[in-house]
Amino acid sequence: VQLQASGGGSVQAGGSLRLSCAASRGTFSMTAAWFRQAPGKEREFVAAMRRGSGTTHYADSVKGRFTISRDNAKNTVYLQMNSLKPEDTAVYYCAFDMSSILSRVREVDEYDYWGQGTQVTVSS
């Protein structure tokens, strides 16, 4: 599966961005997620939407501000980011997981397919 992430950019604190991740083929049978990596830090979980049930999971740091969604007809997953903070600055990656193990939904090494990343910069 080829993944193409887009929608990153530079915004001021309090602003919004919507990231998109288009897949080259159907991904409805996979869990979709977004991760991010800031300079000098490890890649961290942001949000996930499980296959089937569509249950969502969020990192505590983004809960209430970010929303993950997916359009299976378009093979696309989205991340709506509101009330952005400077600490949200990072490269954001979309990822898909074939196994969809609930206990591992936040684990980087659980995911099988990754997009190339899109930069999000939030200035104060």
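The values are calculated or read from the model by the stated rules, or taken from the named source; none is laboratory data. Keep in mind that what you see is a predicted model, and the values were worked out from it rather than measured. Because the Cβ atoms are built from the backbone with ideal geometry, glycine has one as well, and the counts that use them run over all protein chains shown. Each accessible area value is taken on the protein alone, full model and side chains, heavy atoms only, with ligands, DNA and RNA left out. Shrake-Rupley method; radii C 1.70, N 1.55, O 1.52, S 1.80 Å.
From the list V108, V11, pick out the single residue that is β-branched (V, I, T), over 24 Å from V1 (Cα atoms) and over 11 Å from the mean Cα position of the chain (by Cα).
V11
Taken over region 88-124, the criterion of being assigned to a loop (DSSP other than H, G, I, E, B) and under 14 Å from S20 (Cβ atoms) is satisfied by G115, Q116, G117. Of the set (1) touching a Lys or Arg at 6+ places or on another chain (Cβ under 8 Å); (2) at pLDDT 95 or above, all apply to M30 but (2).
Within region 26-64, which residues are among the basic types (K, R) and touching a Phe, Trp or Tyr at 6+ places or on another chain (Cβ under 9 Å)?
R36, R43, R51
Has region 41-49 got any residue that is out of contact with any helix residue (DSSP H, G or I) (no Cβ under 7 Å at 6 or more places or on another chain) and either at positive phi or at pLDDT below 95 (or both)? No, because not a single residue in region 41-49 is out of contact with any helix residue (DSSP H, G or I) (no Cβ under 7 Å at 6 or more places or on another chain) and either at positive phi or at pLDDT below 95 (or both). Kindly establish whether S83 is of a type in the set (G, A, S), more than 23 Å from Q4 (Cα to Cα) and part of a loop (DSSP other than H, G, I, E, B). Considered against the rule, which asks whether it is of a type in the set (G, A, S), more than 23 Å from Q4 (Cα to Cα) and part of a loop (DSSP other than H, G, I, E, B), S83 comes out as yes. Taking the criterion of being surrounded by 16 or more Cβ atoms within 10 Å (Cβ to Cβ) and assigned to a loop (DSSP other than H, G, I, E, B), the residues of region 1-53 that qualify are G7, G8, T27, M30, R43, R50, R51. Kindly indicate whether S61 is open to solvent by less than 70 Å² (accessible area, probe 1.4 Å), modelled with pLDDT of 95 or more and in a loop (DSSP other than H, G, I, E, B). When the stated conditions are applied, S61 passes them.
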